[in-house]
Structures are given as structure tokens and as C-alpha cells.
């Protein structure tokens, strides 16, 4: 069981609501082990909605999860977040880091969260954020745990 707070990235959101996604079963299996509401941010919701643009029913499922409290959307109001996002993007943007992923890493640091549920090894594998003075661990694969 995953009992600590965690952030959820767009990849697992898409996989969970898309039964045809190759990662659907493994992401749903991880989802069933999570005991707390998952936290994300609007850039991640926008990225997921874009990926699901031809499936508005699946976007509605994500929005319904937010409405019922299964997913909490952080408004990114901590003033330290955007300088961190800019710094991450300046450093890793040319390597393909997406703004939503930079926001997730900065949010993890801001909230002291050590786990991000993602299937994106490329972007999250290139960065090592700091949380409370120590390296964060990432749930970068539905089979891995932190």
C-alpha cells in the first residue's frame, strides 16, 4: 500500500481512464494500492486532456475524479514554484523536459512529497530534485515502489 502523499503525472491519468492504453492494467493496479487522494497541478490536467482530445468522455472521467476528491489539484500558489520551474526548464528544456513535468518536480519540493506516480522515465529520469534537503525518489514505473 502507498500511504504517503504522492503526485500523479499525466501518463498514469491517461492510462487509468483509457482501457486501450498499454499501461492501463498496471496503472490501475498501482491506483488500487494508493490510500490517499493523489495531488497534481493544472499543467498536468491540461496535458492529459490534450492527450485525450479525441476522447472527451475520458477527460470527463478525470474531471469527475477531481470533483469527488480522488485527485487534488494544487493551484501552484507557492511563490517559490515558478522560479524552480524556470530553472528546471532552463537546464533541461532542450533535452525535452515538459513544463508540466517541471511543475511536478517543483511542486514535489514545495510540498515535501517524495513520490511522483509517472510512466515518464525520460523526463523524470534526467532530473534529481531536492525535497527537504535530500534527493527525492520517483515512482517512475507502475511496477516500482518507493
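Quick notes on this structure:
- Using just its DSSP H runs of length 4 or more, each adding -39500 (n - 2.57), the chain gives a mean residue ellipticity at 222 nm of -13500 deg cm²/dmol after division by all residues.
- Rounded to 5, the percent of DSSP beta bridges in the stretch 7-135 classed as antiparallel: 20
- Spin-label pair residue 26-residue 70: with each label point 7 Å from Cα along the Cα-Cβ axis, the two points sit 2.1 nm from one another.
- For the stretch 44-94: rounded, prolate or oblate by the Cα gyration tensor [a/c cutoff 1.5]: oblate
- The smallest convex shape that holds all Cα atoms of the chain, its convex hull, gives 104 Å³ per residue.
- If you plug the beta carbon distance of residue 80 and residue 33 into 1/(1 + (r/R0)^6) with R0 = 30 Å, you get a FRET efficiency near 0.45.
- Packing, taken as the mean count of other beta carbons within 10 Å per residue, orders the peptides 70-79, 112-121 from highest to lowest as 112-121, 70-79.
- Note on the chain: with a GNM built from Cα contacts shorter than 10 Å, the maximum mean-square fluctuation among 109, 125, 69 falls on 125.
- Folded to 0 to 90 degrees: helix 81-92 orientation relative to the chain principal axis, Cα: 90
- Helix axis angle, 99-111 relative to the chain longest principal axis, alpha carbon, degrees: 70
- In this calculation the C-beta distance from residue 3 to residue 53 is compared with R0 = 35 Å, giving a FRET efficiency of 0.55.
Here, each number is a calculation from the coordinates, and none is a lab measurement. From a predicted model like this one, the values you see are computed outputs, not experimental measurements. Heads up, the Cβs are rebuilt from the backbone with ideal geometry, glycines too, and the neighbour counts pull from every protein chain shown.
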